[in-house]
Amino acid sequence: MHIPSLIKINKNKPEPIYLQVAECLSDAIRNGILPGGLKLPGVKKMAQQTGLHSRTIEQVYEELDAQGWVTVKPHSGTYITDKPPVLSATGKKEVLSAAEHKATFPFRKIGLPPRQTGYSKEGKKIYDIILNDGQPDIGYMPAVELEKNHRLLIRKKEHSRLFNKENAWGSFELRKALSRFLNDTRGLNTGTSNLLISKGNQFSIFLVLSLTMTEQDSIVFAEHNYSGVYSICRYLNLNIETVKTDQDGISLGELGKICKRKKIKAVYITPHIHYPTCVKLSEERRKQLLQLAEQYNFMILEDDYDFDFHYTNAPGFPVAAYDNQKRVVYIGGLNRLISPTLRISYIAGPEDFLSELAKLKVSIDKFSDSLLEEALALTLKEAVIRRYRNKAVKYYMHKRDFLLRLLDKNLAGCCTYHAPEGGMAVWIEFNREFPVSDIHRLCMKKGLLLPERDDLYTYPPESNGIRIGFGNSTKAELSNAIQIIREVIAVVK
């Protein structure tokens, strides 16, 4: 039997070569082409016959052994097993009807409509153009470097230390690299004991509020605000107070009035690029906010999700950088710099608080993704993130300016907007005669899906604005989208 003839490799496939080879051999075993008891060639001989690297053949044999297709006999060789694994149960079962698939046990129902993502359940695009609320371009991110470090760690013989490793705080190496990164870029004063690795900003916010707030405690945030935080607060049965925002961020005058009439436990802010309106909390107000926190004894929950992309001016220090009283819990992540789906964030704060937070975290999520966290640590040490960020600022600034020119040309007089200092979105406030709900509905009919306001953020009744992202859209998509909005406005009028 000439085994190499059974192997078909397609370099265009995303699967690694060793998995493709293992699949070819397992298919041959399943179909009886390679009989039980047959001895496979040694690693070196198989590598010579196939033209593959000996390490690749080792991985093939390890994979076949793990799946149960072969048996490795010490000092003898690798043999096809006499009892191949059973891949599926015998016999057929009728598919249940939709009614038979309904639960017979009680459960809570979430009073929210299904989110409109623009994609079918099978992942197919429903609309010609889909604009989001400001996600980065996945094609312009250093994912290759992260993947390289991930593979490097897997191939190391001591990689087993990274698996099944219970660590509520997260990887020490990542916390050490992040501490350096945050201190250099944000002016923080953190050590490894002041950082906790978590799984996404929203999960981090849930942990912090769960530990610091009890039912009917009061929290303050802006009228225009991230709906994810609003949902968490409603779930925890918190009392929500809102304040207005202007060009300098949240109104501290309104906040002061609220503090005088009731006890406030926390204030939630997105300081650098306020979500969703893209305004920046002025440096003066950051310091004043800390003074209010000291005066009225409340925590500041600082969600700095978009610090790294500023175009004209330096972003300034986060509120946490001025925090001498240890009243700020600072949350951020690397998903904007590496990948939107990278669900690793960090929480910076006082060590005694984080110690308790780690206990809560491990009670919900016992194991951290140590392998990915160590790969991130390597990527940070290599200064890949810094180099990428410097290039990405120019890349996204050009996109922002392109969108602003489109707005100037096509929608002038129909709405107001300003050039955001950073981030990947523009807040557009339409004139009252053009209701955003009508614009959204008519755009859908023309194949354009705009970000759904009710899904993404809270807003006061008088608001007629929408947040339009430009980060991961092409110039052609942006041009076509603004043209469609222009046509729709003519119909609405």
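Where a number appears in this text, it was derived from the coordinates with a stated rule and is not lab data. This structure is a prediction, so every number in the text was calculated from the model and none was measured. Glycine gets a Cβ as well: all are built from the backbone with ideal geometry, and neighbour counts include every protein chain shown.
Points worth noting:
- Computed about the Cα centre, the dipole magnitude for the chain is approximately 900 debye when only Lys and Arg (+1) and Asp and Glu (-1) carry charge, each at its Cβ.
- Considering helices alone, the calculated mean residue ellipticity of the chain at 222 nm is -12500 deg cm²/dmol, with DSSP H runs of length four and up weighted by -39500 (n - 2.57) and normalised per residue.
- Answer label for Rg/Rh (Cα atoms, Kirkwood Rh) (calculated), chosen among (1) 0.95; (2) 0.98; (3) 1.04: (3)
- Sum of side-chain charges, Ile9 neighbourhood, beta-carbon under 12 Å (Lys, Arg +1; Asp, Glu -1): +1
- Between Tyr127 and Asp65, the contour length at 0.36 nm per residue exceeds the Cα-Cα span by 17.8 nm.
- Amide proton proximity set for Lys326, modelled H, under 5 Å, gap of 5+: none
- With the cut-off at under 20 Å, measuring from each backbone N in segment 278-312 to a point 7 Å along the Cα-to-Cβ line of Ala419 picks out 278-282, 307-312.
- Charge-dipole axis of the chain as Lys and Arg at +1 and Asp and Glu at -1 on Cβ define it, positive-most pick from Ile154, Gly77, Gly191: Gly77
- Residues in segment 429-458 reached by a label modelled at Ile240 [backbone nitrogen below 19 Å; 7 Å Cα→Cβ]: 452-458
- Nitroxide proxy distance, nm - points 7 Å out along Cα→Cβ at Lys8 and Glu147: 2.4
- Relative contact order of segment 165-382, defined on C-alpha pairs under 8 angstrom at six or more residues apart (%): 30
- Excluding exposed DSSP-loop GluC sites (Glu not before Pro) (at most 13 other C-beta within 10 Å), longest clean stretch of the chain: 216-432
- Among the trypsin sites (Lys or Arg not before Pro) in segment 270-361, those located in a DSSP loop and surrounded by at most 16 other Cβ atoms within 10 Å of their own Cβ are Lys326, Arg343.
- Assigned charges on the beta-carbon of Lys, Arg, Asp, Glu; segment 1-85 dipole about Cα centre (debye): 240
- Taking every alpha-carbon pair under 8 Å whose residues sit at least 6 apart, the chain reaches a relative contact order of 19 percent.
- Here the chain carries DSSP beta bridges of which approximately 60% are antiparallel, counting only pairs with both residues inside.
- Length added when fully stretched, Ser54-Lys73, from 0.36 nm per residue minus Cα-Cα: 5.0 nm
- Dipole of the chain, positive direction: furthest Cα of Leu52, Asn297, Asn10, with charges on the beta-carbon: Leu52
- Selection from Ser479, Leu342, Gly249, by position along the positive dipole direction of the chain (Cβ): Leu342
- Each other residue within a Cβ distance under 14 Å of Ile484 adds +1 if Lys or Arg and -1 if Asp or Glu, for a net charge of 0.
- Under 12 Å, Cβ to Cβ, from Ser193 - net charge with Lys/Arg +1 and Asp/Glu -1: 0
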